[in-house]
Amino acid sequence: MPLSVLKRGPTATTMDDEVLRFCQTLRLASPTLPIGAYSYSQGLESAVAKGWVVDEATAQSWIEGLLTNGLARLDLPLVCRLRVALEGHDQERLRFWSEYLRASREARELVNEDAALGLSLLKLLAEPQRTDPLVDRDLPVSLALGFAAAGLAWDISLRATLTAYAWSWFENQVAAAVKLVPLGQTAGQRIISGVLGALAAAVATAETLPDDALGALAPGFALACAHHETQYTRLFRS
């Protein structure tokens, strides 16, 4: 086959840009991102203490249920809306969706966690310039807002940003389950394999969910988070 008819590949610059965006996505999803997400269990610690989560099967069911009924229908769709507001410099919509997300949190513990993680991520984004107007505004800061801003700042596609958010939450929940139940590392990997399909479905749902379908429904999760605030012994923050 003559070389002249072979399909021309991407230029070095294009390839470099693609690799850079991929690396930025990995960075955003990484447990080493210095925002402190590893210190929270999001109610899982209470669920273990109450005997709701006792083994690999119940841990997988708990995590998959929260992913499907929580993240897919609240956090991830809000990342979409916050990113659109940031792209359009729409302060009114930015405030509306930020307040909507805060009002949707089921427990004080979740409100505090969201604000702490979101502020840490926004400060990380601002570090090179030592300033970020988002941090200075009187906005309810959230992790979703931080991810929306990071995806925009680091030129990560919306789908990749949503996947990074879902993965970082998912991996942290599995790590918490391994410590709390406790489970072995291999069991943790089996949970990851078993829930990957639900993670992909959650991202797809978030991209198309209309405004009137927004909202998480997980009463047991809400109770677990509320109880965790006063739990006698804890490994994770509240």
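The values are calculated or read from the model by the stated rules, or taken from the named source; none is laboratory data. These numbers come from a predicted model, not from an experiment. Positions of Cβ are backbone-derived with ideal geometry, glycine not excepted, and every protein chain shown enters the neighbour counts.
For the range 37-68, the tally of residues that are modelled with pLDDT under 95, surrounded by 23 or more Cβ atoms within 10 Å (Cβ to Cβ) and of a type outside the set (Ser, Thr, Tyr) stands at 2. Scanning the range 151-168 for residues that are buried (at least 23 other Cβ atoms within 10 Å of the Cβ) and touching a Leu at 6+ places or on another chain (Cβ under 6 Å) turns up 162, 164, 166. Taking the criterion of being loosely packed, with under 15 Cβ neighbours inside 10 Å and either more than 20 Å from residue 125 (Cβ to Cβ) or within 12 Å of the chain's Cα centre (by Cα) (or both), the residues of the range 26-36 that qualify are 30, 31.
Of the helices (runs of 4 or more DSSP H) that lie entirely inside the range 107-198, those containing 1 or more residues that are modelled with pLDDT under 95 and among the charged types (D, E, K, R) span 108-126, 133-136.
Out of all the residues in the range 219-230, is one or more modelled with pLDDT under 95, among the hydroxyl-bearing types (Ser, Thr, Tyr) and either under 19 Å from residue 86 (Cα atoms) or not in a helix (DSSP H, G or I) (or both)? Within the range 219-230 (the criterion being modelled with pLDDT under 95, among the hydroxyl-bearing types (Ser, Thr, Tyr) and either under 19 Å from residue 86 (Cα atoms) or not in a helix (DSSP H, G or I) (or both)), the answer is yes, since at least one residue qualifies.
Going through the range 185-218 one residue at a time, which ones are closer than 29 Å to residue 55 by Cβ, of a type in the set (Ser, Thr, Tyr) and within 18 Å of the chain's Cα centre (by Cα)? Result: 205, single match.
For the condition free of Cβ contacts under 8 Å to residues at least 24 places away in the same chain and hydrophobic (A, V, I, L, M, F, W, C), what is the one hit in 59, 47, 116, 126?
Testing whether each residue is free of Cβ contacts under 8 Å to residues at least 24 places away in the same chain and hydrophobic (A, V, I, L, M, F, W, C) leaves just 126.
All conditions in (1) part of a helix (DSSP H, G or I); (2) modelled with pLDDT under 95 hold for residue 89, with the sole exception of (1).
The residues of the range 109-118 include none that are surrounded by fewer than 22 Cβ atoms within 10 Å (Cβ to Cβ) and under 17 Å from residue 152 (Cβ atoms).
Against the numbered list (1) over 24 Å from residue 34 (Cβ atoms); (2) surrounded by fewer than 18 Cβ atoms within 10 Å (Cβ to Cβ); (3) under 17 Å from the mean Cα position of the chain (by Cα); (4) not charged (D, E, K, R), residue 175 comes up short only at (1). Residue pairs whose Cβ atoms lie under 7 Å apart, sitting 6 or more positions apart in sequence or on different chains, and linking a residue in the range 210-238 that is touching a residue at least 60 places away in the same chain (Cβ under 8 Å) and closer than 14 Å to residue 108 by Cα to a partner that is outside any helix (DSSP H, G or I) and of a type in the set (Ser, Thr, Tyr), are 228/238; 229/238; 237/40.
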